[in-house]
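One structure is given here, and the rest of the page talks about it.
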Amino acid sequence: MAAPTPPDPPAPATPVAQVAAAAVAPPTRWRRLRRLGLWYAVAAGSVFGLALSAWSPQSVRVGGYVVAASLALGGLLRAVRPQPRVGGLAVRRRWIDVFSWVGLAVAVAVAFTLVRL
């Protein structure tokens, strides 16, 4: 004879208890995606710049500048936003991240400046 299964715990009755229960719930897929936060703005700008570069030979330089501007925006956002709000832009210490984002933006801008078409 199998042992009876224990009954399910009662659902929280008050809204405060429901919020508290949701706070300890395992993260859903959308919560995990939301962790990247502002990184999506930098990624969208970079994808837009690359698409602009691929569109026609006359817009390669402009697309590169858009990519560089989105990377610089990542550095700026990492510099001014508080730690819990930067999401995927925070990888290391703040000054290392800012230096990396801005340095990469300068490198991309110089590279696309030197492009001869």
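The values are calculated or read from the model by the stated rules, or taken from the named source; none is laboratory data. What you are looking at is a predicted structure, and each value in this text was computed from that prediction instead of being measured. Please note: Cβ atoms are built from the backbone with ideal geometry, for glycine as well, and neighbour counts cover all protein chains shown.
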Quick check on this structure: which one of Val91, Val67, Val42, Val47 is closer than 13 Å to Leu104 by Cβ and surrounded by fewer than 16 Cβ atoms within 10 Å (Cβ to Cβ)? Val91
Looking at the structure I just gave you, is Gly74 touching an Asp or Glu at 6+ places or on another chain (Cβ under 9 Å) and at pLDDT 80 or above? yes
Tabulated pairs, the stretch 84-111, first more than 19 Å from Val47 (Cα to Cα) and in contact (Cβ under 8 Å) with a residue 12 or more places away in the chain, second basic (Lys, Arg) and surrounded by 18 or more Cβ atoms within 10 Å (Cβ to Cβ), C-beta under 6 angstrom, 6+ apart or interchain: Val86/Arg78; Asp97/Arg78; Val98/Arg78
For the stretch 29-52 the number of residues that are more than 20 Å from Val80 (Cα to Cα) and at pLDDT below 90 is 5
For the stretch 94-117: of the residues being surrounded by 12 or more Cβ atoms within 10 Å (Cβ to Cβ) and of a type in the set (D, E, K, R), which is nearest to Leu50 (Cα to Cα)? Asp97
